[in-house]
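Below is one structure, written out as structure tokens, with a few remarks after it.
Just so it is clear, none of the values below were taken in a lab; they were calculated from the coordinates. It should be emphasised that the depicted structure is a prediction, and the values quoted were computed from it without experimental measurement. Note that we place each Cβ from the backbone using ideal geometry, even for glycine, and neighbour counts take in every protein chain shown.
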């Protein structure tokens, strides 16, 4: 492409001539039939752009700071940076990743709850001044290692339901805030705002209402002690649903107008993660083994079904909870996949469970779903696969690398992105666009390399 002076790091399939995401998936499955049948992701970068448009439509007064830990794919970082998002990082590797894309230090927040001294010093050396803090031990570390730090005091929020304790796990209580603010003043550390910790599973807009009300109390405390606080971070919890976004916006903006009107000069930010990436990624996996078991084995001395039993199938895939489905270990529900081979409409379906390749009792990805009978070598696709699937913290052997990612964007989304001011040459310098047409998908799209 004209104007590109640096060697691009990854290529993006530009879908033209009626080509669709399913054609790209078909193409790569065809390629895998000829090789090792490895799992892979296909990421539609246009979805990220459209989610950004939705955010801008419904949450115009709130700047998004993308939670990098949700999906640290370099192409995702580059697209969101081009669209003007800020970034929330939890460790040094995330800070380095974001900085490598030229993100200004003032657009980065270092939010790790328990920060290593060496990483606090790294933030200080690189001008990353916005840090999150919620306890005195962290406050003392920051005062020693990063004297220019500007802190967001993390405040715990009410759980959205009795069974949701995630939002109670982090952050100081409202009654402890004054003590921490006084200690920060004593140590000479600036406190510039409040961050609310809200669970990613939050579905109650009233949690945001209470969080903003509590933040106003903390702002008042800070002003009494002598701090000039001007940042309100309402946290995460955004699922990606437009309905949820509208509901939260209605609740949040009424409270913001009440407690933080424009005359206060307070900047309002939030931390969407899954919102941007969940629906942008599709994961394709291969069936590597299967077992037939009895529907009810409680009173049977053996695993083999009797002739009168309706069979239940256990399928083993080449990805499991120690890879791309690691979020299952945190009790995240993995939705049932789609069968790639498009079975006949009248094909019988059977009770099935899906397992990873480790033969570990914990490596169950989907406990129960209804599927037609599958064979070894068949493919399944998991949509909504963009959140918390890209890391590989549990992979222990070099022969099980993370699945590659193949990036695509439709020509209409690409032109719309350019209409927003995002230009290929100026902001997406690492992208190399590869045309992909419906009738030539097997040839031209194959030029796209994984990132």
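Quick notes
- Packing-based order for 253-259, 206-212, using average beta carbon neighbours within 10 Å, highest first: 206-212, 253-259
- Residues 383, 324, 279 in ascending order of nearby Cβ atoms (within 10 Å, fewest first): 383, 279, 324.
- The range 42-201: C-alpha gyration tensor shape, a/c 1.5 cut-off, then a/b vs b/c: oblate
- Cβ-based exposure ranking for 34, 371, 97, in which fewest neighbours within 10 Å come first: 34, 97, 371
- Looking at the range 111-272, the DSSP beta bridges with both ends there are about 0 percent antiparallel.
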